[in-house]
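Each remark here refers to the structure printed beneath this line.
Coordinate-derived values only; no laboratory data. Quick caveat, the model's predicted, so the values are computed rather than measured. Note that we place each Cβ from the backbone using ideal geometry, even for glycine, and neighbour counts take in every protein chain shown.
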Amino acid sequence: MYILNIKKLNVKIKKKKIINNLSLKIKKGEIHILMGPNGSGKSTLSLVIAGNKKYKIIKGNILFNNININKVSIEKRAKKGIFISFQNSIEIPGLNNEFFLQQSLNSIREFNKKKKLNIIEIRKKIYKILKKLNFDKNFLYRSLNEGFSGGEKKKNDILQILLLKPNMIILDEIDSGLDINSLNLILKIINKLKKKNKSFLIITHNPKIINNLNTNYIHIINKGKIVKSSNKNISKIIEKKGYEKFIKKKYKNKIN
Amino acid sequence: MKNLLKKNIKIKLIKIIILNNKKIYKNKNIKNLINIKIKISKKKKKINIIIYNLKNKNIPIYIIYIYKNKYIDKKKYNINIKIKSNNITLIEEYYIYNNYNNKYINYTYNIKLYKNIILNYFKIINLNKKTNFLCKKNIKIKKNSKFYENIFLINSKKIFIKNKINLYKNSNININNISIIRKNNNFFYKINIIHNKSNSKSYQKHKNIILSSGIIKFIGIITILKKASNVIAILKNSNLCFNKPNFIFIKPQLNIKNKKTKCEHKVKINCIDKKIYFYLSSRGLNKNKIKKIIFITFINDIIKKIKNKIISKKIYKIILNKYK
């Protein structure tokens, strides 16, 4: 069964069409990598899946756990288990990180008909995760993403993933700003989560990520269309020759 | 309103309730604990409160103004508060006004702090949508005295506040204001702080939240006279809009006549960004919760400064109830 099934998706912003007949299927416990030149529509696709209203779906469907979510609100998509880590996380001065996590976790638990947790219970959970991520406890009492380095912002996203436990995780350039040790740690966590049947759609340009992850498929996107879908081996060709080979030839949209 | 009073009784604080111009002491033994004189003249419409020689330290004083079933005309009321004690004093004031037939509350306020006094002053103005609140305030802070003013304007149709504050040697004023402006509300605030003598300090933080379209006019004047050296004067004004369109006019004005001074002014106007909405809702929060979170975030730094937790909790509750 597919956790995410995108069928012939067409999306426009204002009058410009930015995603053309795109189809993508992701099963539970799979890692898919999305690659492509700048401005090819990678981040746009992730935002469309998350439910950004800026983009209008003209044709096609997005099915999440076999349910059409085209008209489902952003908040409900998140509650159902879609998580997106943005390329540039937003800073909200004054919003305490712990308070935000508490609110977010409880609203998701409430949706899933689970008991709300109090601050002490949540704190215990967060402290465990912070240990895993080699984070100081003071991190919790800072404002959300304010004054965070690029790496800290990404680590904060991972903290949210480990706490909120979503099923479909979209990571947009997770490696930006991360040092080698932190990147290795995060890749380990992703591999562990894969074993727990969590699915990933990872947008990256970094071959190290592809090599160190148990990647199932790599998709190359150009002008809002997937031009090539293949296994891990394709990354070596991309590393040597870039995307040109795939962009020039008109590949049919073969999706596994 | 009843809940508020009940809570106060539980805390066992001294209360002076001025109900339709009749003073009521809630605590019968009040005169043994505190020397306080209240004179209310109905003809001249004056309320004089003089507090002096406090026997017990840190006794909070509640002054609650309640108006029910009685028409209050446009004529001014004068309230004079003089504090002559050497101790720390805490005054908490409520303006609670339930009668929908009344349209105006109009006050002139005179507060005078004598030497070596610390006054913590809390004011909560929680009126109905049809009431206009007009207030003129003159404050004099004498040598070595400190005045901490916290004002929370929660609800009223039109708010017009004009403050004039005189600071003398080594005196200090710390103003924290939160005002919530609702649909078609009009908010005018003018403050003039005059540093008359050296080593005086003034810190101001004004925060306005516009829930739906409203008008804000703010004029902040800081005057530092020639004799006043080593003065610190800081004015910060920040505004948060939940919806558009709004009209916000902020004018800081500095009149500095002494070279040895430190002056600062900051103005911020923020609208809740679509990006913030998107980010927070992508974490499972609905629109109302997002608004509430941002609302709390915005006012949090002012409420955190309130050392008395009973008061800060109370203010949180009142504000959040109004927000709903």
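Brief remarks follow.
- Once the Cα atoms are used to define both axes, helix A:97-111 deviates from the longest principal axis of chain A by about 70 degrees.
- Peptide A:45-55, shielding by other chains (average Cβ, 10 Å cutoff): 2
- Sorting A:Asp136, A:Asp157, B:Asp301 by the number of Cβ atoms found within 10 Å of their own Cβ, with the fewest placed first, yields A:Asp136, B:Asp301, A:Asp157.
- For segment B:158-174, the Karplus equation 6.51 cos²θ - 1.76 cosθ + 1.60, evaluated at θ = phi - 60°, returns couplings of 10, 10, 10, 10, 10, 10, 10, 10, 10, 10, 10, 3, 6, 7, 9, 10, 10 Hz by residue, with Gly and Pro reported as x.
- Count Lys and Arg as plus one, Asp and Glu as minus one, and take only other residues whose Cβ is under 10 Å from that of A:Asn211; the net charge is then +2.
- Residues B:Lys137, A:Lys116 arranged by fewest to most Cβ contacts within 10 Å: A:Lys116, B:Lys137
- The angle between the Cα long axis of helix A:180-195 and the main principal axis of chain A comes to about 80°, on a 0 to 90 degree scale.
- Under-5 Å amide H pairs with A:Lys59, H placed in peptide plane, nonlocal only: A:Asn10
- Whole-Hz ³J(HN,Hα) from phi, Karplus 6.51 cos²θ - 1.76 cosθ + 1.60, for segment B:184-192, glycine and proline x: 6, 7, 10, 10, 10, 9, 10, 10, 10
- For residues of A:74-81, the mean tally of beta carbons on other chains within 10 Å: 5
- Toward the positive end of the charge dipole of chain A, with +1 on the Cβ of Lys and Arg and -1 on the Cβ of Asp and Glu, the farthest Cα among A:Met168, A:Leu95, A:Ile129 is that of A:Met168.
- Here's how it looks for B:Ile256: its modeled amide H is under 5 Å from those of B:Ile224, which are all 5 or more places away or on a different chain.
- Under 5 Å between amide hydrogens, built in the peptide plane, is the criterion, and for B:Asn80 it picks out B:Ile47, B:Asn48, B:Ile49, B:Asn110 among residues at least 5 positions away or on other chains.
- Magnitude of the charge dipole for segment A:1-150, about its Cα centre and with charges confined to Cβ atoms of Lys, Arg (+1) and Asp, Glu (-1), is about 780 debye.
- For segment B:261-299, the residues whose amide N sits under 14 Å from a probe point set 7 Å from the Cα of A:Ser73 along the beta carbon direction are B:277-292.
- Rg over Rh for chain A works out to 0.96, using Cα positions for both radii and the Kirkwood form for Rh.
- Taken over segment B:193-251, the percentage of Cα pairs per 5 Å bin, counting from 0 up to the bin with the maximum distance, is 5, 16, 23, 15, 13, 10, 8, 7, 3, 0.
- Counting other Cβ atoms within 10 Å as a rough exposure proxy, the listed residues A:Phe200, B:Phe249, B:Phe133 run B:Phe249, B:Phe133, A:Phe200 from fewest neighbours to most.
- Order by protection proxy (mean Cβ within 10 Å, highest first), peptides B:224-235, A:32-43, A:9-20: A:32-43, B:224-235, A:9-20
- Local net charge near A:Gly36, Cβ-Cβ under 10 Å (Lys/Arg +1, Asp/Glu -1): +4
- In this structure, the residue pairs whose Cα-Cα separation is over 30 Å, taken from A:Lys124/B:Lys236; B:Lys158/B:Lys275; B:Lys205/B:Lys259; A:Lys125/A:Lys228; B:Lys190/B:Lys257, are A:Lys124/B:Lys236; B:Lys158/B:Lys275; A:Lys125/A:Lys228.
- Taking other residues whose beta carbon is less than 9 angstrom from the beta carbon of B:Lys143, and scoring Lys, Arg as +1 and Asp, Glu as -1, yields +4.
- Protection proxy ranking for A:168-174, B:287-293, A:53-59, using the average of other Cβ atoms within 10 Å per residue and placing the highest first: A:168-174, B:287-293, A:53-59.
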